[in-house]
Amino acid sequence: ALVPQPVADVFRAFDRAGLWQACMLLGGCATHAHAVEARVRVEAELADIDLLVPDGLVSDVLPSIGGALRAARPDEAWHADGTAIVGSSGLRIHVHDASEVLEAFIATLPELDAIRAVSSALEGAPRAGFVVGRDGLAAPVATLDPTAHAVLKSAQAVSLGSEHARDAALVAVELARLIERSTALAPATTLAGLDFDNHDRIRPLGRARS
């Protein structure tokens, strides 16, 4: 699926500013990028943009993010709201510290193999990818690797306990399987109580036309 044009514009501005060298996408935007890599179509909510930054660098990165947002959307008023930046259109960019993300994950799914997988990904280099805007053009992005993202979404499904969070985890896991054919997902997804062999639950996924 195509991402909203304002989101694509923001991602292109981040690329021009060099922000993808440090920041990584989480959430629905990461799901869209992984779907492109897996060559499938997926519907994922893009209410907000979630960015992951290295430990202790949130305050250093926020000014650069703000500058890129103003360059991408000069007619939009932006203001800080804690560690989020909010636009007058309602677009919200959440900036997450990697160490805080890992701590929240450990509190939810304290399983050693899963912790190692997520910790390694959080410390690693961003994974290059892209999404496609409504204008049909690619917008470069960087994401957490698909397996770690799927494990994090599984933890979120456990924490929130909602059907929506569960479905998002199912999609993330299926994308990781398609991209990496990974077996590293089993420990966390088992603890999450999710049946990932039931592919009828992966309703949003469908093969893209060639």
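The values are calculated or read from the model by the stated rules, or taken from the named source; none is laboratory data. Because the structure is a prediction, the values reported are computed rather than measured. Counting neighbours? That spans all protein chains shown, and the Cβs are built from the backbone with ideal geometry, glycine included. For the accessible areas, the whole protein counts, side chains as well, though only heavy atoms, and no ligand, DNA or RNA atoms are used. Shrake-Rupley method; radii C 1.70, N 1.55, O 1.52, S 1.80 Å.
Could you tell me which residue of the range 1-52 is most open to solvent (accessible area, probe 1.4 Å), considering only residues that are over 20 Å from H149 (Cα atoms) and charged (D, E, K, R)? By that ranking, first place goes to R16.
Among the residues of the range 126-161, the ones that are in contact with a helix residue (DSSP H, G or I) (Cβ under 9 Å, 6 or more places away or on another chain) and either touching a residue at least 60 places away in the same chain (Cβ under 8 Å) or not in a helix (DSSP H, G or I) (or both) come to 22 in all.
When D55, D81 are checked against the criterion of being surrounded by fewer than 17 Cβ atoms within 10 Å (Cβ to Cβ) and touching a Ser or Thr at 6+ places or on another chain (Cβ under 6 Å), D55 stands alone in meeting it. Considering S162, S210, the condition of being at pLDDT 50 or above and among the polar types (S, T, N, Q) is satisfied by S162 alone. Test V40 against the criterion of being without any contact (Cβ under 8 Å) to a residue 24 or more places away in the chain, of a type in the set (A, V, I, L, M, F, W, C) and touching a strand residue (DSSP E or B) at 6+ places or on another chain (Cβ under 8 Å), and give yes or no. No; evaluated as a whole, the condition is false for this residue.
Okay, residues lined up against (1) closer than 18 Å to A1 by Cα; (2) crowded, with 23+ Cβ neighbours inside 10 Å; (3) among the acidic types (D, E):
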position: G136; (1), (2), (3): yes, no, no
position: P140; (1), (2), (3): yes, no, no
position: D145; (1), (2), (3): no, yes, yes
position: A150; (1), (2), (3): no, yes, no
position: K153; (1), (2), (3): no, yes, no
position: V158; (1), (2), (3): no, no, no
position: G161; (1), (2), (3): no, no, no
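Testing V95 on (1) in contact with a Ser or Thr (Cβ under 8 Å, 6 or more places away or on another chain); (2) under 20 Å from A148 (Cβ atoms); (3) without any contact (Cβ under 8 Å) to a residue 12 or more places away in the chain, one condition comes back false. Which one is that? Here V95 meets the rest and fails (3). Residues that are more than 24 Å from S89 (Cβ to Cβ) and aliphatic (A, V, I, L, M) within the range 43-70 comprise just one, L57.
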